[in-house]
Amino acid sequence: MSEAKNQILNRIKTALDEIPEEERPEDISVSRTYHQKGKLSEEKRVNLFVERAGEYQATVKRVKKKGIKGAISEACKRQKITKVAIPTGFNKSWLPDFLQPQFDSVDTRLSHNKLDQMDGVISTCALAVAQTGTIILDAGAGQGRRVLSLLPDYHLCIIREDQIVELVPEGFAQIEEEVKKEGRPITFISGPSATSDIELSRVEGVHGPRRLDILVVG
Amino acid sequence: MSKKSIQHTPTFEETANAYLTNSQLRRNLGHATHTIRNKRTKIVGEMPDWEHLREAGNKLKKRVMRHLGSYLLQLEESVEKAGGTVHWARDAEEANRIIVDLVKQQEAEEVVKVKSITTDEIKLNEALKKEGIQALETDLAELIVQLAEDEPSHILVPAIHKNRAEIRDLFQEKLNNKELSDRPEDLAEAARLYLRKKFLSARVGISGANFGVAETGTVAVVESEGNGRMCTTLPETLITVMGIEKIIPTWQDFEVFMQLLPRSSTAERMNPYNSFWTGVTPGDGPQEFHLVLLDNGRTNVLADEVGRQTLNCIRCSACLNVCPVYERTGGHAYHSVYPGPIGAILTPQLKGLEDDGAASLPYASSLCGACYEVCPVKIDIPKVLVHLRGKIVDEKKRNGSIKQRLNPEHVGMKWMARVFQNSKKYERAQKIARSGQWLFVKDGTISKLPGQLSGWSAMRDLKPIPDQTFRGWWRTRNE
């Protein structure tokens, strides 16, 4: 054991000498009486997500499954996007022909500099939280490495309605296993990059993607 | 390890006056604190279970503090199992040496930093500079403070004391951008362009930690701009400095803290970006991860049973925004990286009460209690303030210099104590005062006292001692 570690642990022991030795952490009871499960119907939950994500200046659009390709096409045209990064596991049949996709995979990783030159990225997500309008990425299929949704200035995220949970605790519960078993990195995204550092007025867009579009597929 | 030498910082009273007369500063601060305060009230108001969350947050932190040793060992094991390396640092000097060595091993001359008050606390940037390594602050407000060679003045918004025109002037000069306007969008764009090149070439990133999960080894950084994601994703090596009190027991506990923090801090339902990483992920992000666990006085705080709750703090800054003292003086008057009500209790406990400046901070409060009301982890700040005031008086009695012991207030209180102890002395003092007070009585009140006592009467009017006292009347009454 390092000397520093030893000494810090000793200091802690001395500092806490009034605590009975038989006390276990669980003896300090924590009552989880806050809301852990949502009560909204699926339709209301989806509506809440659309509303809350929209309040962050993200553009949220609801589409049917067969309309995904058209919606991607429309969004990319509106945002003037052609060079897009595509994570491994993303459904290629959704990509319109005019796009110039660059596929990221374990064998051919797009370099940081290359990603910086991209117009945008199109990805899916692991789940979303309606209460806070948050999308959650867990680096799974269709999402890929963390850097993909970071360097390009535009992010188009596709989410299925059944991936939306109502409350924050439900969101954390759903990714718990992946973190514990695989140590997957998790990213929460609530609207585009922003800052309130100048006179506390919120400005959209600093370092992360400055524009975020979300397609909710029903 | 070098022995701790006492460095005296100026007292709050000495410096607060200068800040109070700076009307530009007061305007900036008043605007900013009121904006965020109102936003917070609204966003917390939409949570029917807010009090339950606060209570759970408080209890979880209490659990951590009472069993900190075992949680730290659990965290170390989890992080190492996930491919990270854990370092232990007793004080700032040791932490800085560990970090400098790690950066040197990577042969990096420049590091990118996420906003971290803990690294401000240990003065990491200075330590790196001495070794020829430039630490680049990437949070917009920290960048502003760094370019201005200024000090942070708020936990969440370190440049809260500067307005947009001041920031434009700074960027025009330091980023060599003469055409820049003062629109916040343009200022943010200037920072984006300047920092993008740096992010892409950085080999080492340095961050603080909002939370570290003992159970899984997961570290969380909560932010808005994306600079935190850049620093924790792009470089090959990531070094995270974490105060030992930032532990939470389990992954599930995020469901409490990740609701409390964003709403209390930026007054948002959720801040734009939260990153959670667990050691090293092959092929994704930094392939080398170091976690530096920092004591630097925290175990002193832990040793005080009343003061211990100070370590519950999750650095949201809600208490700063509601504090009538902070709102008027700003953060610099506190001479600490932790200003406001939380700083007034944390700084003296971290630095020790021997430091005059630190010992003046518990008095920088009207004890109105607004800070406790908004604290998401229910730190009873007024209680700790009063407790520390008591400790300071004891400390002065025990170890005070001759000057402190001859301080008129101290002498006066001692004299009063002696007089109040004995009824004869008390009555004699009344008699003397009655015959001498006519010099100062005007229209039935005493509103001006001479010499050292004038400070007391400057703010208060006194009733003169009456011709007949209660004791006198009691003795002469007819039964």
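Derivation of every value follows stated rules applied to the coordinates shown; laboratory data play no part. The structure presented is a predicted model; accordingly, all values stated were derived computationally and were not measured. Here the Cβ is made from the backbone with ideal geometry for all residues, glycine too, and neighbour counts use every protein chain on show.
A few notes on this one:
- A simple charge model with +1 on the Cβ of Lys and Arg, -1 on the Cβ of Asp and Glu and nothing else charged puts the dipole of region B:331-431 at about 740 debye relative to its Cα centre.
- Kirkwood estimate for region A:58-98, i.e. one over the average of 1/r between Cα atoms, Å: 11.2
- Dipole in debye (nearest 20) - region B:242-338, about Cα centre, beta carbon charges: Lys, Arg +1; Asp, Glu -1: 300
- Global form of region B:37-174, assessed from the alpha-carbon gyration tensor, a/c cut-off 1.5: oblate
- Pairs of alpha carbons in the protein assembly as shown whose separation is greater than 44 Å (percent): 28
- Simple point charges give the picture: +1 on the Cβ of Lys and Arg, -1 on the Cβ of Asp and Glu, and for the protein assembly as shown a dipole about the Cα centre of about 2180 debye.
- Sorted ascending by nearby beta carbons within 10 Å, beginning with the fewest, A:Ser105, A:Ser123, B:Ser423 become B:Ser423, A:Ser105, A:Ser123.
- Cα lying deepest toward the dipole's positive end in chain A, options A:Pro96, A:Gln7, A:Leu40, charges on Cβ: A:Pro96
- Here is the P(r) of region B:208-344: all C-alpha pair distances, binned every 10 Å from 0, give 11, 35, 38, 14, 2 in whole percents.
- Modelled spin labels at B:Val411 and A:Glu42, positioned 7 Å past Cα toward Cβ, are 8.3 nm from each other.
- Each Cα pair under 8 Å and six or more residues apart adds its separation to the average, and for chain B the resulting relative contact order is 20 percent.
- The C-alpha atoms of chain B define a longest principal axis, and helix B:408-420 lies at about 50 degrees to it.
- Across region A:25-32, computed HN-Hα scalar couplings (Karplus, 6.51 cos²θ - 1.76 cosθ + 1.60, θ = phi - 60°) run x, 5, 5, 7, 7, 10, 9, 8 Hz from first to last residue, x flagging Gly and Pro.
- Computed label-point distance, nm, for sites A:Lys92 and B:Glu179 using a 7 Å Cα→Cβ extension: 4.3
- Rh (Kirkwood; distinct C-alpha pairs) - region B:433-477, Å: 11.7
- With the simple spin-label model, which puts each label point 7 Å out from Cα in the Cβ direction, the B:His34 to A:Asn113 separation comes to 5.2 nm.
- Partnerless cysteines in chain B, where a partner means another cysteine C-beta under 4.7 angstrom, comprise B:Cys231, B:Cys313, B:Cys316, B:Cys323, B:Cys368, B:Cys375.
- Extreme residue, positive dipole direction of the protein assembly as shown, given options B:Asn399, B:Ser23, B:Val419 (C-beta unit charges): B:Val419
- Quarter the surface of the alpha carbon convex hull of chain B and you get the mean projected area, 29.4 square nanometres.
- Put simply, region A:82-179 fits an ellipsoid with semi-axes of 25, 14, 12 Å; these come from the alpha carbon gyration tensor as the roots of five times its eigenvalues, largest first.
- Using 0.36 nm per residue and subtracting the Cα-Cα separation, the extra length available between B:Arg475 and B:Tyr363 on full extension is 36.1 nm.
- Nearest-0.05 FRET efficiency for B:Glu126 and A:Lys13, computed from C-beta distance (R0 35 Å): 0.60
- Rounded to the nearest 10 degrees, the angle from helix B:23-45 to the longest Cα principal axis of chain B is 70 degrees.
- Fewest-first ordering of B:Met242, B:Met416 by other beta carbons within 10 Å of each residue's beta carbon gives B:Met416, B:Met242.
- Kirkwood estimate for chain A, i.e. one over the average of 1/r between Cα atoms, Å: 19.6
- Ellipticity estimate at 222 nm from DSSP helix runs (n ≥ 4, -39,500 (n - 2.57)) divided over chain B, nearest 500: -15000 deg cm²/dmol
- Residues B:Met459 and B:Leu73, FRET efficiency given R0 of 51 Å [Cβ-Cβ distance, rounded to 0.05]: 0.45
- Of the residues B:Gln309, B:Ile98, B:Val292, the one whose Cα sits farthest toward the positive end of the charge dipole of chain B, with +1 on the Cβ of Lys and Arg and -1 on the Cβ of Asp and Glu, is B:Gln309.
- Bridge orientation summary for the protein assembly as shown: considering DSSP beta bridges with both residues in this region, about 35 percent are antiparallel.
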